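For reference, the structure is listed below as structure tokens.
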Amino acid sequence: MPRDVLLEVGCEELPASFLSPALADLERLAVDGLAEARLAHGPVRAMGTPRRLALLVEAVADRQEDRVREVTGPAVKVAYDAAGNPTNAAKGFAKGAGIAVEALERTATPKGEYLLARVQDVGRSAAEVLPGLLGASVLALKFPKTMHWNGAGRFARPVRWLVALHGEEVLAVEAFGIVAGRRTRGHRIHAPDWVDLARPRDYVSALRERVVMVESSERRGAIESELTRAAATVGGTPIRDEELLDEVTNLVEWPEAVVGSFDERHLSLPRPVVVTAMKAHQRYFALERPDRSLLPNFVMIRSGRGEGAEEIRRGTQAVLRARLEDARFYWDNDRKAGLEARVESLAGIVWHERLGTIRDRVKRIEQLVEELARTLAPKSRSLAARAAHLCKADLASEMVRSGKEFATLQGIVGAEYAAAAGEPPAVVQAIREHYLPQGPSDPLPESMEGILVSLADRLEALVGGFRAGLEVTGSQDPYGLRRAGNGVVRILVEKRLRLDVMATAAWLDGIFEKAGITKAPSTVEFGTFWGQRVASALEEAGIRHDTADAAIAVRPGDPLDVMARARAIDGIRESPDFEGLMTGYRRVANLLRSAPPGEIPAGDHPMAERAENFGAKAEADLHLETKMARQAVETYLQAAEPDYGAALRHLLGLRPAIDAFFEAVMVMDEDPGTRKRRLGLLAAVRGTFLRIADLSAI
Amino acid sequence: MSAAKPRTFQEILLRLEQFWSDQGCVLLQPYSGEVGAGTFNPATFFRVLGPEPWNAAYVEPSRRPKDGRYGENPNRLQNFYQYQVVLKPSPPDVLDRYLESLRHIGIDLARHDVRFVEDDWESPTLGAWGLGWEVWLDGQEITQFTYFQQAGGYDLNPVTAEITYGIERIACYLQGVERIMDLQWSADRTWSDLFLKGEVEWCHFNFEQSNAPFLFELFEKFEGEAVRLLKAGLVLPGYDYVVKCSHVFNLLEARGAISVTERVATIARVRKMARLAAGAYLKQREELGFPLLPGGSRAS
């Protein structure tokens, strides 16, 4: 008869962020393990709190399913002697497989005929199989950081007990030097005594009686209703914050709300500052009134229930009061000092020992913003430059320098200071937005001023990073350079801005050079790095890998342009002529690659030859076709919106001329003049293609 | 079981001493030199190394020169008190024991929110790290709890549990005062009566009057002495100078005399000495046959 299975790993408080991934892993490991072990089962649920990771599997079969396994043995030709009697090889194989020699079968393989044994695996009992399976699942759990405590294994925090039940029986699971039993514990403070579990299905209810809500989803729901209930008592609603909700769910075993309040005069602080003071360390929920203004109240979710709300309220209020008073102190001092003074004191904060102070960096950002605005948005130039000047001022503010929770508000708090100082709204917005985007799904800056400062901030960091020889390789991104590069690509592509980043980087390099900042040796060139950033954006956009390489190889600088060229290539790759053209193009490219150096003019060929010089008609034809193609391609490319599709379609038309040329003409002619002329013509063909892409990457 | 609330700071100390004495700890007195934390006391730094069991508790006056605020910030001091407990090996019920100690100093846990918030502890100067928690009482950090994984660069086994109580915080909480300065130390003396003048004086010294060139010179000399003594196998005298270096470094930092690059390099120098000290200690204990092991010769 199928029976339920329970596994509980009782541990000391796990970091909140470890819990959900560990439960997902545990469930997956168990499901995979059961399938592997051929144990039929019902629903599987992983559940847990900071103090326990549990697994409940319903209706696990009593025995593994039987199975017949086919095992291949020695070749038939060595298995029987001339008389047809089994050799030792056959006997040994049969013995190992546990069947009679007479029961051996044969199987035909490409290498000849081999012996085959059908081995009957009789399922073992679940009680035999489960301990190893469950133990292995626990030991296979991975955490970002682990420790040891008794020398008998590593885990995120010490494991103190194990429960493993199969129906009413204890399973002999052993891990971390602990033998599993049926004893668990309730809430650390409210129900600390050990309790015996009779059977798996009692688990959830037994814990609920002992002040533990073991299922995360239930806890999360309970927190939400507690929040709503508690907020209503002061006439407000909780400000929705999924991240905080997830974290608090994994910090408590039994959630109960406690409402607290703070001095109303702190509401004159910027809202993000007040909300951060509540959220960052304290994990309190902020509340708002029906008109969405902030209430001078908060909700704290305690772990536990019953008496003590008054004591807890008093304690939590005192901590928040200290934090808000710190914030007020910083806010007042910073405004008194003024933004300009803060900009100047950036000269006291080292950005990087080779790259100078943050003040130096801001000067470069200002210059770059002006340079970018010149072509991208002349009208935004002066406000963007002002925003660039102020964008890092908050890094010198006491609010951010305190190193407290408000340090996370860089940019946001800088905007608040700018607003308080009466800076124009566009400047305020640009300061607030210029740290965007932080990640691939982050919003982008909305205003043109914000876009300019964000681009300049990232490009300065990138080009400076390469100057200083910072590390960009490997799986880590310790200086955030890859993230910065991806941000630049995203802004340019999604905001449809044309910018040649390679040229801009070269311009910026000049600024660094002038400042006397020499280039440190680095393993990766900026161009390679930038090409990789563009490539990953193209991949995201669903462009074929080799198409992306072909488009990037010729001009990687302007991601919007690379994207357009790559899309055009993907567009003609389905065309029936494409493969034929590629064959011709590859011959052109291969010939050029294998030609002796010095025989072909470097780069593109001027095509100055006069038609009458060509001996063969095919050569003269290709010359003419190429000349016309070049003109057409240039026309398409120089349009305000280059039409790469049309240009490529035109190039497809070169195919017959290329084919005929190779048919009729021997390129490597004995006469050096002829040879050189023909190689020059092929270089011109290739050069025409290279205006769009390097198709040899395909 | 919950006892009545202690009325004074010194009563909290007495109760903690009684509690951990009953738990089998050796009660020690503070280290005689300036340290930034109880971890620097040889009773922790050395005793966590090697296989010998060790249970001890002590108060440690902890100097953090740059944390001073001339006695004006309600909870920032350049000299505060830690109550330090080390249990090696860490017993399986160590958290229960810790919670029991809170009851013993008058905290009725059922009426509060007690929370273990993840905290990865690291001391770059000691080459030590561990995993554990900040313990929060109603949102207030009252204790640092660490399972030591490494000290002086050496992996640790058995693992020590280190419990560091922030006694001023706990006392403020129990007495319902918001400023450390207002704490009732004894029945008739407050913290301010005893320490305020000194706190202000030390802040003037740390931030304005300390002599940076002299301190740099001291650092060099102390470092030389530490290395010389440790190489000569004089573990405790050598370590004394390591601790002095660490404190001189803290003074220089408070004075703003150390640049970012120097800072990293100087920390590395202290760490190197700490590693040397740890190695010398381990060698010495091994030569003694680890006398505190069960059945050892006990001739420590």
Burial ordering of A:Ile543, B:Ile180, fewest other beta-carbon atoms within 10 Å first | A:Ile543, B:Ile180
Shielding of B:112-123 by other chains, given as the mean Cβ count within 10 Å, works out to 6
What is the mean number of Cβ atoms from other protein chains located within 10 Å of the Cβ atom of each residue in peptide A:314-327, rounded to a whole number?
-> 3
For the stretch A:67-121, rounded, prolate or oblate, judged on the Cα gyration tensor with a ≥ b ≥ c (square roots of eigenvalues), a/c < 1.5 rounded, else prolate if a/b > b/c?
-> oblate
Calculate the mean, over all residues of peptide B:135-145, of how many other protein chain Cβ atoms lie within 10 angstrom of the residue's Cβ.
-> 5
Answer in debye to the nearest 20: the dipole magnitude of chain A about its Cα centre, from +1 Lys/Arg and -1 Asp/Glu charges placed on Cβ, is 780 debye
Alpha carbon convex hull of the stretch A:28-81, projected area averaged over orientations, nm² | 6.3 nm²
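May I ask for the equivalent-ellipsoid semi-axes of the stretch A:573-697, computed as the square root of five times each C-alpha gyration tensor eigenvalue and listed largest first in whole Å?
For the stretch A:573-697, the ellipsoid semi-axes come out as 24, 15, 14 Å.
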Hey, quick one: spin label on A:Arg573, modelled 7 Å out along Cα-Cβ, who in the stretch A:527-541 has an amide N within reach, i.e. under 14 Å?
-> A:538-541
Karplus-derived HN-Hα couplings along the stretch A:254-266 (A = 6.51, B = -1.76, C = 1.60, θ = phi - 60°), whole Hz, x at Gly and Pro | 8, x, 8, 7, 10, 8, x, 9, 9, 4, 4, 5, 6
Which three extents, in whole angstrom, do the alpha-carbon atoms of the stretch A:455-584 cover along their principal axes, largest first?
-> 56, 28, 26
Rounded to the nearest 20 Debye, what is the dipole magnitude of the stretch B:31-147 about its Cα centre when Lys and Arg each give +1 and Asp and Glu each give -1 at the C-beta?
-> 360 debye
Hull-based mean projected area of the stretch B:20-110, where the convex hull spans the alpha carbons, in square nanometres = 7.6 nm²
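Shape verdict for the protein assembly as shown, please, from the Cα gyration tensor: rounded (a/c under 1.5), prolate (a/b greater than b/c) or oblate.
Details: a/c = 1.94, a/b = 1.30, b/c = 1.49.
Oblate, because a/c is 1.5 or more while a/b does not exceed b/c.
Structure shown: which of A:Lys519/B:Lys221; A:Lys363/A:Lys519; A:Lys404/A:Lys514; A:Lys404/B:Lys221 lie over 28 Å apart, alpha-carbon to alpha-carbon?
A:Lys519/B:Lys221; A:Lys404/A:Lys514; A:Lys404/B:Lys221
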Under the Karplus relation with 6.51, -1.76 and 1.60 and θ = phi - 60°, whole-Hz ³J(HN,Hα) for the stretch A:158-169, x at Gly and Pro, equal x, 8, 10, 7, 9, 10, 9, 10, 10, x, 8, 8
Under 22 Å from the Cα of A:Lys617, which lysines turn up, not counting those fewer than eight places away in the same chain?
-> A:Lys627, A:Lys676
In what sequence do B:Lys197, A:Lys514, A:Lys404 fall when counting other Cβ within 10 Å, fewest first?
-> A:Lys514, B:Lys197, A:Lys404
Which is farthest toward the positive dipole end of the protein assembly as shown among A:Val44, A:Ser575, A:Val195, measuring Cα position about the Cα centre, with Cβ charges +1 (Lys, Arg) and -1 (Asp, Glu)?
-> A:Ser575
Coordinate range along principal axes, alpha carbons of the stretch A:27-139, Å, largest first = 70, 27, 21
Could you line up A:Val428, A:Val667 from fewest to most neighbouring Cβ atoms inside 10 Å?
-> A:Val667, A:Val428
The stretch B:9-195: spread of alpha-carbon positions along the three principal axes, whole Å, largest first, is 46, 37, 28
Relative contact order for the stretch A:67-121, counting Cα pairs under 8 Å that sit 6 or more residues apart, in percent | 48 percent
Kirkwood hydrodynamic radius over Cα pairs of the stretch A:369-490, then Stokes diffusion coefficient at 4 °C and 1.567 mPa s, in µm²/s = 87 µm²/s
With eigenvalues of the C-alpha gyration tensor scaled by 5 and rooted, the stretch A:216-337, Å = 25, 15, 14
Cα-based Rg and Dmax for the stretch B:207-287, where Dmax is the largest Cα-Cα distance (Å) = 13.6, 47
Mind checking which of B:Val26, A:Gly177, A:Gly33 is farthest towards the positive end of the protein assembly as shown's charge dipole, using Cβ charges of +1 (Lys, Arg) and -1 (Asp, Glu) about the Cα centre?
-> B:Val26
Taking Cα pairs closer than 8 Å and at least 6 residues apart, the relative contact order of chain B in percent is 21 percent
Charge dipole of chain A built from unit charges on the beta carbon (Lys, Arg +1; Asp, Glu -1), centred at mean Cα; most positive-end Cα among A:Trp351, A:Pro378, A:Ala541 is A:Trp351
Report, ordered by chain and residue number, the aspartates and glutamates lying within cross-link reach of A:Lys77, taken as a straight Cα distance under 14 Å and ignoring same-chain residues fewer than 8 apart.
-> A:Glu105, A:Glu113
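None of the figures in this text is laboratory data; all of them are computed from the coordinates on show. Values in this document were obtained by computation on a predicted structure and should not be read as measured data. Counting neighbours? That spans all protein chains shown, and the Cβs are built from the backbone with ideal geometry, glycine included.
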